[in-house]
Amino acid sequence: MGTLLAVDLGLRTGLALFRAEGRLIWYRSQHFANRAALRRGVQGILNAQGDLDSLVLEGGGAIADVWIHAAELRGIPIRQISAEDWRADLFHPKDTQGRDRSKRSADALARRVIEWSRAPRATSLRHDAAEAIGIGFWAVLERGWLQQVPSEIVALTQKTWKGISWQARPDVRAHVPAALNSVVTEQPRCYGELPMKDDFASLFAYNRWANDRVLEACRKLTPEQYAAEPYPGWSSVRSTIVHIAIVAEGWLRGIGGVNVQTVLTEEEMPTVDDAARLLEQADAHVAAFLATVTPQQMEQPVTLRRGTRSATLPPWVVLRHVVNHSTYHRGQVASKLKRFGIEQPATDLIFWAFEHIPQTG
């Protein structure tokens, strides 16, 4: 049976685990003294959950990166949201006006979810644990594990689950180009049926160009700067670059049918050139895959394996994820390089296009 872990991020962390039927299994608040303790703690939390189907994080920044890195190494799907995402879907607007009212609403919802789930009752429910319960409850609704808000809870919410499907938000059609209307009108039964017509060769040519620019900027750092915290509590430039390379190479090796048993560690990749070599391997994997894949195969879900974990996804999802993931973390590298007085060149897709498409006028 699947499980979903919801996390309210912080050194004081709220945690809530839900089962596939939508009920809460356990919840708690956990305090970490510093980011080093957090990194160790996250490993233990994720290891203890066994086959976790989904990790939902509220928040971002360096603390989110710790969770994301640990989850991706384990092949756990990640959803990152803001407080506004789930509160807007679950509460009346008046119940989220002001910090105190938002806290009371989250606490009331959490206690009702605990009661409905027949989970152990809390004598003292910390706010971060209550937030995690609300995040997780939203996530099981959003995933379809629950089709509607249970009657025992509905009075605290917007009375009906408005969901996040296209049918629930028909006004989106006004903002969708005509060429994409079929995607909105013809509701896919699963993601694998959603037609994708991206030119992945161009997308990965852009990704390679952007990675090369970032690596070149990183070479301006001394070895000590590359491995150092650019700001107290931030992970190093090396940590983020290695993460980009490991995740890309692992996913792209996986869609080629390889059971990814091992991945390199940061300690095994101490230099910029080490990361560059692993990214070259990733580019070779995707080039070989794109040379033979058919449009039908691109949309057909396949099972990717990493050790004892597996994920079933159509290749187009994996390919888009790799580029999106790399783009996100390249932005982090840019911020870290600025701390060392180095300006990273622009890596926006449009600048790649300007270099490769003749401009007139």
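Of the residues making up the stretch 113-127, those that are surrounded by fewer than 23 Cβ atoms within 10 Å (Cβ to Cβ) and within 22 Å of Ser82 (Cα to Cα) number 3. Of all residue pairs spaced 6 or more apart or on separate chains, those with beta-carbon atoms under 6 Å, a first member in the stretch 36-61 that is in the same structural domain as Asp128 (by TED's automatic domain parsing) and a second member that is outside any loop (DSSP other than H, G, I, E, B) and not hydrophobic (A, V, I, L, M, F, W, C) are Leu52/Thr3; Asp53/Thr3; Val56/Arg79; Leu57/Gln80; Glu58/Asp8. Residue count for the stretch 12-22 under the criterion of being surrounded by fewer than 18 Cβ atoms within 10 Å (Cβ to Cβ) and in contact (Cβ under 8 Å) with a residue 40 or more places away in the chain: the result is 3.
In the stretch 112-126, is there at least one residue being among the acidic types (Asp, Glu), part of a helix (DSSP H, G or I) and under 29 Å from Asn324 (Cα atoms)? Within the stretch 112-126, not a single residue is among the acidic types (Asp, Glu), part of a helix (DSSP H, G or I) and under 29 Å from Asn324 (Cα atoms). Considered as a group, the residues in the stretch 11-34 that are in contact with a Ser or Thr (Cβ under 8 Å, 6 or more places away or on another chain) and outside any strand (DSSP E or B) include one that is nearest to Ala110 (Cα to Cα), and that residue is Arg23. Filtered by the rule that a residue be on the phi < 0 side of the Ramachandran plot, outside any helix (DSSP H, G or I) and either free of Cβ contacts under 8 Å to residues at least 24 places away in the same chain or exposed (fewer than 11 other Cβ atoms within 10 Å of the Cβ) (or both), the stretch 347-361 gives Asp348, Ile357, Pro358, Gln359, Thr360.
In this structure, does Gln332 turn out to be modelled with pLDDT under 95, part of a loop (DSSP other than H, G, I, E, B) and either surrounded by 15 or more Cβ atoms within 10 Å (Cβ to Cβ) or not aromatic (Phe, Trp, Tyr) (or both)? In short, no.
Listed by first and then second residue, the pairs with beta-carbon distance under 9 Å, at least 6 apart or on different chains, first residue in the stretch 309-327 and surrounded by fewer than 18 Cβ atoms within 10 Å (Cβ to Cβ), second in a strand (DSSP E or B), are Ser310/Thr303; Ser310/Leu304; Thr312/Val302; Thr312/Thr303; Thr312/Leu304; His321/Leu313. All of (1) in a helix (DSSP H, G or I); (2) more than 29 Å from Gly331 (Cα to Cα); (3) of a type in the set (Phe, Trp, Tyr) hold for Trp86 with one exception: (2).
Of all positions in the stretch 190-197, none carries a residue that is crowded, with 17+ Cβ neighbours inside 10 Å, of a type in the set (Asp, Glu) and either modelled with pLDDT of 75 or more or not in a loop (DSSP other than H, G, I, E, B) (or both).
Regarding the stretch 44-59, can at least one residue be identified that is of a type in the set (Ser, Thr, Tyr), within 30 Å of Ile244 (Cα to Cα) and in contact with a strand residue (DSSP E or B) (Cβ under 7 Å, 6 or more places away or on another chain)? For the stretch 44-59, residues of a type in the set (Ser, Thr, Tyr), within 30 Å of Ile244 (Cα to Cα) and in contact with a strand residue (DSSP E or B) (Cβ under 7 Å, 6 or more places away or on another chain): present. Considering only residues in the stretch 20-39 that are out of contact with any Leu (no Cβ under 8 Å at 6 or more places or on another chain) and basic (Lys, Arg), the one that is modelled with the lowest pLDDT turns out to be Arg39. Being free of Cβ contacts under 8 Å to residues at least 60 places away in the same chain, surrounded by fewer than 23 Cβ atoms within 10 Å (Cβ to Cβ) and farther than 20 Å from Leu313 by Cα holds for only one residue in Thr294, Thr271, and it is Thr271.
Put simply, of Leu5, Leu38, Leu55, Leu9 the only residue that is buried (at least 21 other Cβ atoms within 10 Å of the Cβ) and out of contact with any helix residue (DSSP H, G or I) (no Cβ under 7 Å at 6 or more places or on another chain) is Leu5. Of the residues screened, Thr240 is one that is touching a helix residue (DSSP H, G or I) at 6+ places or on another chain (Cβ under 6 Å), in contact (Cβ under 8 Å) with a residue 40 or more places away in the chain and not aliphatic (A, V, I, L, M).
Residues in the stretch 84-116 that are more than 27 Å from the chain's Cα centre (by Cα) and touching a residue at least 24 places away in the same chain (Cβ under 8 Å): His92, Ala108, Arg112, Glu115, Trp116.
The values are calculated or read from the model by the stated rules, or taken from the named source; none is laboratory data. Treat the numbers as computed from the prediction; the structure is a model and nothing was measured. With ideal geometry, Cβ positions are generated from the backbone for all residues, glycine too; neighbour counts draw on all protein chains shown.
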